[in-house]
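Note sheet for the following structure.
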Amino acid sequence: MENNLSEEFLNIPVREPNLLNGFFSDNPKADVEIVKLFISDEVLGEILIIKGEPGNGKRHLLQGAANELLKNDIKIVFPSPSPPSLFTIFKNDKDSFEKSLQNCSFCLIDYLDNITEYHPLRTDSPQVFNWLQEILTEFIKRGGRIIFSASKEITSKAISNYFKTDSVIEANTSYPSLETLKLIGKQHYSNEFVEKYAEEAYEQSSCVRVFMNRLLISYYSLLKLSNPF
């Protein structure tokens, strides 16, 4: 039986239950609020770039935007965020990807650095996906809107030039304060546990992902001692 890949691109449920309302930040106006305004058409723009250091929530915001759009019955294209799957899709299924964009309002793509021939730090980057520029530029001309996550090295100006649009907006994630990290930790562990171990985890971390991993290590250490909170 023929596999209709164009259908698979449409309205793919996001595996992780990341929600915009569950994103904790020291400066929400610089990240989560901009995403909310962009997907609700309250701020003008054709492309939104979610930028930041690794491990500080770019994918959370991207998936949160996807979940919010789906909740409001807005059709989206959101290829799998898994790099092997993403590369297979873009390399082998150009026609299906292009077809899937015909009836959608938003296209969301995780980590722009990996899927365009442009990379600001490499002049020898292979042009594997040079057709993507043309397809997404046409999508924008038809009124489509795009949300990318990207490294902080990719600038709005570079994106404007690449996709031939002056309408690029940025959301920026950053490593939050200890108090904000405690709020994040308390979504997964008891208040008592987080208050006791958060400061130590914070001192050993450089991003939210590492902080949460440090808390997890502390939690499993307690389990081994048969003394979990």
### Message
Looking only at the range 53-76, how many residues end up being on the phi > 0 side of the Ramachandran plot and touching a Phe, Trp or Tyr at 6+ places or on another chain (Cβ under 9 Å)?
### Response
2
### Task
Report, by residue number, each residue of the range 158-185 that is under 15 Å from I34 (Cβ atoms) and among the small types (G, A, S).
S167, A171, S174
## Note on the structure
Over the range 101-111, the set of residues at pLDDT 85 or above and outside any strand (DSSP E or B) is L101, Q102, N103, C104, S105, D110
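The values are calculated or read from the model by the stated rules, or taken from the named source; none is laboratory data. Note that the structure is a prediction, hence the values are computed from the model and not measured. Because the Cβ atoms are built from the backbone with ideal geometry, glycine has one as well, and the counts that use them run over all protein chains shown.
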